[in-house]
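A.B. asks: There's a structure below that I have some questions on.
The values are calculated or read from the model by the stated rules, or taken from the named source; none is laboratory data. Since the structure is predicted, the reported quantities are computational estimates derived from the model, not experimental observations. In this analysis, Cβ positions are derived from the backbone assuming ideal geometry, glycine residues included, and neighbour counts consider all displayed protein chains. Heavy atoms of the whole protein, side chains included, go into the accessibility calculation; ligands, DNA and RNA do not. Shrake-Rupley method; radii C 1.70, N 1.55, O 1.52, S 1.80 Å.
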Amino acid sequence: MKIGILAAGITPDVLRSKYPTYAEMFAQQIAAMEPDLSFEIFDVRLDEFPESIDCCDAWLITGSKSDAYGDDPWITRLCEFIREVDAKNKVLVGICFGHQVIARALGGRVAKFDGGWGVGVHHYQVADNVATPLGRKDIAFCAFHQDQVLEKPEKMTSFLSSDFCQHAGLIYKDRILTFQGHPEFSKAYEKELLDLYDGVTLTPAVAAKARQTVAQEGIDNQQLMAWIGTFLKG
């Protein structure tokens, strides 16, 4: 099977020597668990789109610093691509921006959240009415976002939520799976982002509180990435 990764964003330039791109993080981590999968990366933010949705067996959309509700031509084109993937019953996974743009494309609403930035390690409650392989009521992983899905698409079900983020995980049957947080981010990488944006887009107080969660909380990345890998395989 070939997985197409739609790269909507990239690791900040100053961190590129130490960390892979967001698309590469997924390709490397999923391949370690599912070695029979291959990956092709399309840099959609540079308008590099696949010739057809059928050139890959399943699709994943990465995070991005762009706004999922924006009207940039590549974002509009990505929304059209998402609707075509959905219409043809292909498997689709979205992370952060990917989570938001999928929600937007399928009829949800995305906007800046009045509660500010969600950064550091966040805990989410797993819904009772959705069957997941997580095997627990609480799951924790890194987050880095100000925008949120404020209204989910009618066809999708929320399976992760917190007091800060109502729709932190969305699912539709065995075809669409999205996460607001970043299961591909290590705690080391999250800390680098916090240091980079401290006093820039994040207030020092918000950054300091987030650093505390990174230092003190465990994350469930392996479990989440394992689920993403098996989900992509259908």
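A.B. asks: Can you confirm whether Ile176 is touching a Lys or Arg at 6+ places or on another chain (Cβ under 9 Å), at pLDDT 95 or above, open to solvent by less than 20 Å² (accessible area, probe 1.4 Å) and under 23 Å from Leu92 (Cα atoms)?
C.D. replies: For Ile176, the condition - touching a Lys or Arg at 6+ places or on another chain (Cβ under 9 Å), at pLDDT 95 or above, open to solvent by less than 20 Å² (accessible area, probe 1.4 Å) and under 23 Å from Leu92 (Cα atoms) - is met.
A.B. asks: Closer than 24 Å to Leu224 by Cα, in contact with a Phe, Trp or Tyr (Cβ under 7 Å, 6 or more places away or on another chain) and either open to solvent by less than 60 Å² (accessible area, probe 1.4 Å) or not hydrophobic (A, V, I, L, M, F, W, C) (or both): does that describe Ala58?
C.D. replies: no
A.B. asks: Of all residues in segment 34-53, which are over 19 Å from Cys79 (Cβ atoms) and open to solvent by 70 Å² or more (accessible area, probe 1.4 Å)?
C.D. replies: Listed by number, the residues that qualify are Pro35, Asp36, Ile41.
A.B. asks: Now for a separate question. Out of everything in segment 108-163 that is assigned to a strand (DSSP E or B) and among the acidic types (Asp, Glu), what residue ends up being least open to solvent (accessible area, probe 1.4 Å)?
C.D. replies: So the residue we want is Asp147.
A.B. asks: Which ones in segment 214-234 are touching a helix residue (DSSP H, G or I) at 6+ places or on another chain (Cβ under 9 Å) and part of a helix (DSSP H, G or I)?
C.D. replies: Listed by number, the residues that qualify are Val214, Ala215, Asn221, Gln222, Met225, Ala226, Ile228, Gly229, Thr230, Leu232.
A.B. asks: Then there is this: What are the residues in segment 181-234 that are open to solvent by less than 50 Å² (accessible area, probe 1.4 Å), more than 22 Å from Ile5 (Cα to Cα) and polar (S, T, N, Q), if any?
C.D. replies: Listed by number, the list holds a single entry, Thr213.
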